[in-house]
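The values are calculated or read from the model by the stated rules, or taken from the named source; none is laboratory data. Computed from a prediction, not measured in an experiment: that's the story for all the values here. Using ideal geometry, Cβ is built from the backbone for each residue, glycine included, and neighbour counts are taken over all protein chains shown. For the accessible areas, the whole protein counts, side chains as well, though only heavy atoms, and no ligand, DNA or RNA atoms are used. Shrake-Rupley method; radii C 1.70, N 1.55, O 1.52, S 1.80 Å.
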Amino acid sequence: MIRFSIVTITWNAAHCVQKTLDSVASQSYNCLEHLIIDGVSTDETLAMVDSYRQLCSYPVLVSSEPDTGIYDAMNKGLARATGDYIIFMNAGDSFHSSDTLQKIVEQVDENNLPAVIYGDTDIVDDTGNYLGKRHLSAPEQLTWRSFRKGMLVCHQAFYARTDITRDIRYDESLKLSGDVDWCIRVMKAAEEKGLALHNTHMVVADYLKEGLSTRHHRASLKERFEVMRRHYGLLTTLCWHCWFLFRAFARRFRVYGFAVIIGCTSAI
């Protein structure tokens, strides 16, 4: 059976981690392990995790030790994962439904595992209310070149084979966009090995809106530009960022322009 290693990074996450724990526990397919990599939380996080662990029929491996940042913690998860696929689902994030993993397993040939399994993501608030689709959606055929257009597949919806990722560590010099860089390097390795990337054609993850990169949006954009420059070259990156600016302007104009039109119509 295909086995999943789910890695959850926590640090003082008592306000949101239960949602993630409940989501993993609710999966109808439970050939999995859950690795909790904690950064020495001082709130109730570890107590909540301990209560969860005692109720689970699958292995829940918990470590709590100082780290140098989220990508250091993710590298610890990479080193300890023993499943066929690794899934990074941080505190506050969740699977889209209780049968997400079951549906994915039914799509995949166990004798010819793709390098990456990917899907779409819904955006939710901290109470789990649906806010909308992620404005970037998974392409029909994903390759490492796809991310020139932005991170088309969310980190939580990118399941990578652990035998490929074992030696592809997160760049700990990055603080906000290491996931983008890591996904690109995983897809490059898949291409070099001639391995497929499988599109599930379904929403596989619910993403908490207020993530780290959202709270530090400007710094994240600067770092992401550097990551893209590394992989795609300066000219290509500049061209695509001009397109990003135009797209953002057009999206804002559609929203505010429509509101102005409605306001004027109401006034008449």
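Each peptide among 141-147, 151-157 gets the average number of other Cβ atoms lying within 10 Å of its residues, and from highest to lowest they stand as 151-157, 141-147.
Overall, region 70-216 carries a charge dipole of about 460 debye about its Cα centre when +1 sits on the Cβ of Lys and Arg and -1 on the Cβ of Asp and Glu, all other atoms neutral. Given a 1.4 angstrom probe, I'd like the percentage of the accessible area of region 116-177 that is carbon and sulfur, rounded to a whole number. So the carbon and sulfur contribution to the accessible surface is 46 percent. Let me know the whole percent of all Cα-Cα pairs from the chain that are separated by more than 32 Å. So the pairs more than 32 Å apart make up 24 percent of the total in the chain.
Once you charge only the Cβ atoms, +1 for Lys and Arg and -1 for Asp and Glu, what is the size of the charge dipole of the chain about its Cα centre, to the nearest 20 debye? Show your work: numbers first, answer last.
On the way: 29 positive and 32 negative charges, 279 e Å.
In total the dipole reaches around 1340 debye.
Computed on protein heavy atoms with a 1.4 Å probe, the accessible areas place 103, 188, 175 in the order 175, 103, 188, largest first. On a full-extension model of 0.36 nm per residue, what is the gain between residue 3 and residue 209, subtracting their alpha-carbon distance, rounded to one decimal in nm? 71.3 nm is the gain from fully extending residue 3 to residue 209. For region 1-145, the solvent-accessible area of protein heavy atoms averages 44 Å² per residue (probe radius 1.4 Å; ligands and nucleic acids excluded). Separation of the alpha carbons by more than 25 angstrom is noted, of 19/76; 76/133; 103/133; 76/188; 19/222, for 76/133; 19/222.
Largest GNM mean-square fluctuation among 80, 218, 185, using the chain with Cα springs under 10 Å: 218. Protection proxy ranking for 228-239, 91-102, using the average of other Cβ atoms within 10 Å per residue and placing the highest first: 91-102, 228-239. Using the Cβ of residue 28 as centre and a radius below 13 Å, the other residues enclosed give a net charge of -1, where K and R count +1 and D and E count -1.
Under a Gaussian network description of the chain, with springs only between Cα atoms under 10 Å, the residue in 207, 58, 85 that fluctuates furthest is 58. Considering only 128, 119, 83, the Gaussian network model of the chain with Cα springs below 10 Å gives its largest mean-square fluctuation to 128. Net charge of the neighbourhood of residue 145, taken over other residues with C-beta under 12 Å away and scored Lys/Arg +1, Asp/Glu -1, is +2. Under the simplified labelling scheme, the residue 188-residue 109 pair shows an inter-label distance of 2.9 nm, with each label point 7 Å from Cα along Cα→Cβ.
Look at the alpha carbon pairs under 8 Å that are at least 6 residues apart: their mean separation over the length of the chain gives a relative contact order of 20 percent.
Filter the chain for me: DSSP H helices, axial length by Cα at least 24 angstrom, mean Kyte-Doolittle hydropathy not below -0.5. List them by residue number.
234-267
A dipole drawn for the chain from +1 and -1 charges on Cβ atoms has a positive end, and of 88, 178, 164 the residue lying farthest that way is 178. Separation of region 3-31 from region 109-143 is 17 Å, based on Cα centroids.
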